[in-house]
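To start, the structure itself, in structure tokens.
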Amino acid sequence: MFKTYFPKKNELNEKWHIVDAEDLVLGRLATEVAATLRGKSHPAFTPNCDMGDHVIIVNAEKIRLTGKKAEMKKYFSHSGYIGHEKFTDFKDMIKEKPTRVLELAVKGMLPKNSLGRQMFRKLKVYAGPEHPHQAQKPEVLKVEG
């Protein structure tokens with residue numbers, strides 16, 4: 001009889017990765033980041049455990065979309081009151097809150113439960129090229145795009 005190996009929390013080596021989002025496509029970057037946050041590249045990946053690494057994204061304001069999505073994409077929010085729904089265009093969102101665009105794209109690709117919220121906390125997004133995480137010695141994450 002074989003037993004399935006489950007790594008313990010103290011056995012995990014959480015790494016830090018950094019991605020430069022300049023001229024990368026939003027969806028392709030978000031899928032790579034979501035897979036890294038979930039820990040899918042680890043050989044002992046388990047869907048019900050948080051095995052992912054930390055990810056830092058810089059230059060979020062220079063992300064791009066393909067086709068006509070930059071003109072057509074809208075973000076929806078609701079205050080909770082009847083009729084108080086709000087739609088924001090991509091161009092307005094990237095000017096006002098460039099980090100929020102990437103956060104929403106990655107959050108939509110993570111599990112919709114407490115485990116997904118725990119994974120999402122490992123994502124750090126910055127609009128410009130500066131970030132305060134040099135002490136963690138982040139490795140560059142290769143993203144095609």
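Nothing in this text is a laboratory measurement; each read-out follows from the coordinates by a stated rule. Keep in mind it's a predicted model, so treat the numbers as computed, not measured. Neighbour counts are summed over all protein chains in view; Cβ atoms, including those assigned to glycine, are modelled from backbone coordinates with ideal geometry.
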Residue tally, condition touching a Phe, Trp or Tyr at 6+ places or on another chain (Cβ under 7 Å), touching a residue at least 12 places away in the same chain (Cβ under 8 Å) and farther than 25 Å from ASP23 by Cβ, over the stretch 80-121: 1
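Anything in the stretch 29-76 that is charged (D, E, K, R), surrounded by 14 or more Cβ atoms within 10 Å (Cβ to Cβ) and touching a Ser or Thr at 6+ places or on another chain (Cβ under 9 Å)? List them, or say none.
Residues of the stretch 29-76 charged (D, E, K, R): 32, 38, 40, 50, 53, 61-62, 64, 68-69, 71, 73-74.
Checking the rest, the ones that are also surrounded by 14 or more Cβ atoms within 10 Å (Cβ to Cβ) come to 32, 38, 50, 53, 61-62, 64, 73.
Scanning the stretch 29-76 gives ASP53, GLU61.
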ASP23, sole failed condition from (1) part of a helix (DSSP H, G or I); (2) in contact (Cβ under 8 Å) with a residue 12 or more places away in the chain; (3) surrounded by fewer than 16 Cβ atoms within 10 Å (Cβ to Cβ); (4) of a type in the set (D, E, K, R): (1)
Residues satisfying the stated conditions in the stretch 99-145, i.e. assigned to a loop (DSSP other than H, G, I, E, B) and among the small types (Gly, Ala, Ser): GLY108, ALA127, GLY128, GLY145
Among (1) surrounded by 10 or more Cβ atoms within 10 Å (Cβ to Cβ); (2) closer than 14 Å to ALA34 by Cα - the single one PHE90 does not satisfy: (2)
